[in-house]
Structures are given as C-alpha cells and as structure tokens.
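Just below is one structure, and these are the notes that go with it.
The values are calculated or read from the model by the stated rules, or taken from the named source; none is laboratory data. Because the structure is predicted, anything quoted here is derived from the model rather than measured. Counting neighbours? That spans all protein chains shown, and the Cβs are built from the backbone with ideal geometry, glycine included. To get the accessible areas, we keep the full protein, side chains included, count just its heavy atoms, and leave off ligands, DNA and RNA. Shrake-Rupley method; radii C 1.70, N 1.55, O 1.52, S 1.80 Å.
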Amino acid sequence: MMTLETETPLLEMREVSVRLGRGAQAPALIENIDLKIFPGETVGLVGESGSGKTTLGMALMRLLPPLLDQGLSGEIFYDGEDIANLRAGELARLRGGEISMILQDPMASLNPIFSIGNQLKEGLRLNATAKGNLEARAIQALESVRIPSPKTRLANHPHQMSGGMRQRVVGAISLTRSPRLLIADEPTTSLDVTIQYQFLELLKDLQKRMRMAMLFITHDFGVVAKMCDRVAVMYAGQIVEEGPVRDIFNRPAHWYTRALLESVPTVDHAPERLPTIPGSPPTITGRPRGCRFHPRCANAQSKCLEPPVDVEVGAKHHAKCWFPLRAQRGAA
Amino acid sequence: MSEAILSATGLGRVFKIQHKGRKQDLHAVTDLDLELHTGRTLGVVGESGCGKTTLNRILLLLDTPTTGEVWFKGKACTTLSGEARREFRRAVQPVFQNPFSSLDPRMRVGKIIAEPLSTITGMSRSDIEKRVGEVLEAVGLQAADARRFPNEFSGGQRQRIAIARAIASKPEVLMLDEPVSSQDISIRAQILNILKDLQAEYGLGCVFISHDLATVRFMADDVIVMYLGRVIEKGTAQAICSTPAHPYTKALLAAALPPDPDAPRPELPPQGEIPSPLDPPSGCPYHTRCPLKFDRCETVRPPMFAAPHGGAAACHLLDPEIAQ
C-alpha cells in the first residue's frame, strides 16, 4: 500500500539512540534513528545480527532492560504522544493494545504450562468489547489465523502443536486487541520454509483486513521483498539507507545494500563465485569512525573517515553515504 | 561416469520410541539410494522431519542404518572396525551447522585442528603443526590464530575454523550439514565461496544438506529432495531449481522467496502442515498437502518415475499410463 503525502505518521522516531550509559559518548546500540511508519504500511527493517534492529523494536515498545532503557534518548511519537517519556502505567495501555509484537520463537512467547485457550482469553479479557462470551471470541481468534478445529485446540498446550501452529497462536494473541501497529521481529526464522510462506501470507492478509501498520524485522531479503512497502537497512547501529521497496532492490544507493543484495544466492542461476563483502560487521565498541561501513566498502575513500550525511537519492529514498550509487542495479 | 566415492543403497533407519505410552516405530529414513562422485556436490534438500540429519549421521558412520549399506570406494562401511574405520574417518569429514557448539571452547584452535590429525593419521608433531598453519591459511585465517581460543573469533571465523579442521586430514569427502544457516548474510557468501574453492582445489566430493534451495543451487551439481524420510525427486541442481517435477519441490521453490518485490506469484504455493514422521500418511507421503492429488495418491505410494528434466520423481502424475 502506498502512503499518501498528506497522511500523518502513526509512529515517528526522531534521533532515537540507545546507549550503554547516559553520556553522549557512551557506546550506542542504535544511534540517531529517524524512522516513520504510516498507517497500514509495512516497513521492513533489515540488517545483520548486532546491527541494532531488535534493539530498535524493543525501544519502540519501551521493553529494553532497565539499564538500556535509561540510555534511551530522542523522541518516539506514537499518534502524537511521546512514548520515550511515558510512565509505566501509561505504557501498559499501549502495549498489547495499540502496539503489539510477534517474536522469533513461539515456544518462548507462550507459557508452556497453560492451555492456549487460557492464554488467548487473558488478552481478550482486557478488551472491553470482548467481555461476556470469551470462549466464542477465543474460537474466533483461532479461526482468524486458520487453525483447524479451533474448539478442541483451545484445550491444547503449546507442546501439543507444531511450530507453525504455535506461531499462528502467538499471532492470534497479539491481534486480539486489534493493534494499529504490529512489530514482527523475525517471526518466521524458526519455521520451515513452506510453513514460513503460509505464515507470511496469513500475516499479510490479516494486516490488510485490520488496516494495521507493521514493522517487519528480518535479515532475509526474500521476506522483505514479499512483505514490505518501505525498507530501512541497518548497519552497525544506524539506518544507512531507507526507501520504497522497489528502489531498494532495483536502485540501491548505499554500497552496503548493493553488496549485500548481490551476495545472496538465488534459485535462478548459479555463478561460479558469489560476490562477497570482506570482513565482518564491527562490534559495538569496535565501530570505525566516519562511515561505519568504510573498512569493508569497495569504494572507500579518505572522505569516508568523516561521518557521512544522509543524502536524498530519489523520492523518499535516502542513504548515509558520501558517494551514493545512482545507477540501476546490474547496470553499473 | 566413474565409480562413486561414497554411496548408499536401500538405506533405512527405524527408531524404536515410546510415544504416548505406546511403543512405536519412527521411520526416519526409508529406502534411500544415493551416489556421490569425486569433485561433485550432492545437495540434500528437505524440511524438518525429512530425515536429512539422520542421513548425515549414517553417512558419517555415527549411526548404524537398520537396513541397507553405506559404500566408500566400493567397500561396505557399516561393519568396518579398527584401522579401516579410522581410514574412513580420515577420508570423510563433517562440518556442522553451528560453530558455537562444534568447537570446544576450552581448546586452542591449534589443538582443535590437530586432534583428529594425531588420533586418526598419526602424524608427527612437527608435521601436525605445519599442517595446522596450512589449513588455517587455506580458509583465510592466519597460522598464528592457532594459539587463540574459539571465543576470540566471530561466527564466520569460527565456521572457517570448523572447515579447517575438516580438511586437515586431507579428506576425500566433506559432509556439510547446513554449514551457513547460522551465519549472517554477509558472511554466508564468504563461507560458500571457501567451500567451493576447497572442493575445486582438492577434488573433494561434498554432500551439502540444506533447507534452502537457493544455496543448494549455488553449491550442488546434483540434488535429492527428501520428504518424510524418502527421496521424492532427484536431478541436476539446475533441473530441480528451474523445472521441478514433484509438487513438493514446486512448493519448496515457491517458498524460496526471491529478493525481488515484483516476482510473480508462484504457481503452486505451499499449503498444509508437515505430517508427523510418527504417523506418516498412507499412499503418497505428500498427498495431504498436494493441490494436485487424486484418488490413487491416497492409497498407492508412487515409485520413482522418469521426469521430463532427465531425473526422476515419485509422483503419480508422471506415470506414463496416467499421462496418456
């Protein structure tokens, strides 16, 4: 779904950083993040492990461990309200209601000693309109995620279900209160590929019906291509490029994005060798100065020792690079 | 073609397990044949419960098949003992998925690589030291890294160490079980290239086990697709990835999401759950999920039929009698 110019964002992050400590010099897990999510759209957040994508998702929900939460700075506007400054009681109203979350491992999200009916109803009870016939609502919730014979499934415990089914139950629970924003953090990484495909289809369908916005965190470009309207690429704690999904795939501007896209094997052809990015991503305390990608970049120059500015490279498409790529991918 | 270096005939593995208070047979691998030739890579593709890990263990002689035999250079292997078994260990080496659990955290890298050299090949200490340096350099690390511990390395570097260990004894076959699944995307390509280079340099035969068709396409020459313990399709990697014959392979291909937002919708998208290997469906094991099933699929298990791509697939739709 394309966003309209006039629409106001549902969520807006301004200069959000999460540091290990309070000082501006403390090492940052994520640094100066600006990101908008509009109603009904899916924004993909791609990056490798340690790039800060999960920290960003957790910061949005204010679910960081206390020490990191203290190191949170910047503004996170949700529907006009600054989440970064809310107190615990006010946060409880947003979490699970307005903003919900699906995590990677359904076995860690679900409680192994309660039936899934029990865990579904816990969420439903908080929903004022659902009071009364909880059982029927719970069955409905399972039907909405296409679980066969939902009535008997209510009595099941998580271990009695397959991985794909568990993740659908987690989906049902996180959607019981009709959130307007869903944060999905690698929701299909633990699933088999054919099960992943079906879960993604289901999620897309539910999103369309509920007009829900989604922040989809993943390391898999195939999943991004299938699910997202816009993409933000993270590297070493920063968003290094952001733009509409087609631009990111067809005209990547950041050298990191292009190199990453080219290093992914595809089923269509088998080259002799895959193009690679040398080295590995820096650790939090070992980040290079200037452009954080420059030690691995094929086009690094002395200018790259200075922190790059965010440049506009197309319509709603920008990249943090001194020498952004402008050509079509493959043509350069 | 020359004689296979490693092959399996009629391989079956049944685990006797207690499930819901009843004794049951779990058929992890059933009636499996495969052939691996020197210098070639055989891809094994499948999802959870398809038996690919059991197959890996059997081919490494870490598990004994219930039926069938593993052959190495024409010799039956499952009953090998003593010196012959040691020779097999030298010649067939594994690389596992997770280098965080496959490397002993309390051993220095040099010791990790040297251990199989002293126990299997009986090389002298100075030769071993030299070899350790050689293989570390072969995987893009430095000889000096032998003095460091695994925790001083990143995930990608650790997998390089695991590969160095595997090639140290100059093996003829590498068994690669999801060697890049736990790696970051920018690291995967590095590891895959190293494996391909080593294979070309030493003429290794490789078995590459993965759930990801795209990676298999890059690595493998030939592919077998497994479902619930059986091979349901085989062919060249190119054939399997461009013109698959079995509906399950088509579903796997559809699920291998291309990095392209304008990719067309797949012809046969995957549907349904993977059945439990404890309670496999009658007839064709895939019929519960197959959009093209007809009455015969529920009762008769299809044998392998010749497929248009030159390989074979176990699907009734390929039966020449039905096609007419």
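Relative contact order of region B:83-149, please, whole-number percent, based on alpha carbon pairs below 8 angstrom and at least 6 residues apart. Please list the in-between numbers first.
Details: 47 pairs, mean separation 23.3, N = 67.
Once normalised by length, the contact order is 35 percent.
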Shape of region A:223-289, Cα gyration tensor, a/c cut at 1.5: oblate
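Might you report the magnitude of the Cβ-based charge dipole of region A:1-110 about its Cα centre, with Lys and Arg at +1 and Asp and Glu at -1, to the nearest 20 debye? Working shown, then result.
Details: 9 positive and 16 negative charges, 96 e Å.
So the magnitude is around 460 debye.
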What are the radius of gyration and Dmax of the protein assembly as shown, computed over its Cα atoms and given in Å? 26.2, 79
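Counting only pairs 8 or more residues apart or on different chains, how many lysine pairs in chain A have their Cα atoms under 14 Å apart? Could the numbers behind the result be given before it?
Details: A:LYS36/A:LYS316; A:LYS121/A:LYS131; A:LYS121/A:LYS151; A:LYS204/A:LYS226; A:LYS303/A:LYS320.
For chain A, the number of qualifying lysine pairs is 5.
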Here the FRET efficiency for A:GLN25 versus A:ASP82, based on Cβ atoms and R0 = 30 Å and rounded to 0.05, is 0.75
Principal-axis tilt of helix A:116-125 within chain A, Cα atoms, nearest 10 degrees: 90
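Structure shown: which of B:LYS16/B:LYS293; B:LYS52/B:LYS75; B:LYS52/B:LYS196; B:LYS111/B:LYS196; B:LYS20/B:LYS250 lie over 28 Å apart, alpha-carbon to alpha-carbon? Please list the in-between numbers first.
Values: B:LYS16/B:LYS293 31 Å; B:LYS52/B:LYS75 23 Å; B:LYS52/B:LYS196 21 Å; B:LYS111/B:LYS196 26 Å; B:LYS20/B:LYS250 35 Å.
Pairs exceeding 28 Å: B:LYS16/B:LYS293; B:LYS20/B:LYS250.
Given the rule -39500 (n - 2.57) for each run of at least 4 DSSP H residues, summed and divided by the residues of chain B, what is its mean residue ellipticity at 222 nm, to the nearest 500 deg cm²/dmol?
Details: 11 runs with 103 residues, N = 324.
Taking each H run of at least 4 residues, the total per residue is -9000 deg cm²/dmol.
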Just read off the accessible area of B:ASP177 with the full protein assembly in place, 1.4 Å probe, to the nearest 10 Å². 20
Once a ≥ b ≥ c are taken as the square roots of the eigenvalues of the Cα gyration tensor of region B:121-214, is the result rounded (a/c under 1.5), prolate (a/b larger than b/c) or oblate (a/b not larger than b/c)? oblate
For chain B, what size does the Cα cloud have along each of its three principal axes, sorted from largest down, in whole Å? 68, 50, 47
DSSP beta bridges in the protein assembly as shown: the antiparallel percent, rounded to 5, is 60
Per-residue accessible area for B:SER118 at 1.4 Å probe radius, Å² rounded to 10? 60
Where labels lie 7 Å past Cα in the beta-carbon direction, separation of A:GLU201 and B:THR236 in nm: 3.2
So how do B:ARG301, A:ARG62, B:ARG265, B:ARG40 rank on accessible area, 1.4 Å probe, biggest first, that is with the largest at the start? B:ARG265, B:ARG301, B:ARG40, A:ARG62
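Can you tell me, using C-alpha contacts under 8 Å and at least 6 residues apart, the relative contact order of region A:156-248 as a whole percent? Let's see the in-between values first.
Values: 75 pairs, mean separation 21.1, N = 93.
RCO, region A:156-248: 23 percent.
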For region A:141-282, build the charge dipole from Cβ charges (+1 Lys, Arg; -1 Asp, Glu) around the Cα centre, then report which of A:ALA213, A:GLN238, A:SER263 sits farthest towards its positive end. A:ALA213
Which is farthest toward the positive dipole end of the protein assembly as shown among A:ILE99, B:PRO320, A:PRO288, measuring Cα position about the Cα centre, with Cβ charges +1 (Lys, Arg) and -1 (Asp, Glu)? A:ILE99
So the label point goes 7 Å from the Cα of B:LYS73 along Cα→C-beta, right? Which residues of region B:170-190 then have their backbone N under 19 Å from it? B:170-175
By a straight-distance test (C-alpha under 20 Å), which aspartates and glutamates pair with B:LYS23 as possible cross-link partners, with residues fewer than eight away in the same chain excluded? B:ASP279
Roughly how many Å² of A:ARG209 are accessible to a 1.4 Å probe, to the nearest 10? 150
Hey, could you grab the Kirkwood Rh for region A:1-121? Inverse mean 1/r over distinct alpha carbon pairs, Å, one decimal. 16.0
Spin-label model distance (nm) - A:GLU7 vs B:GLU3, 7 Å beyond Cα toward Cβ: 6.8
How large is ³J(HN,Hα) for each residue in region B:15-32, as worked out from phi by the Karplus curve 6.51 cos²θ - 1.76 cosθ + 1.60 (θ = phi - 60°), to whole Hz, x for Gly and Pro? 9, 8, 10, 9, 10, 6, x, 10, 7, 9, 9, 9, 8, 6, 9, 10, 6, 10
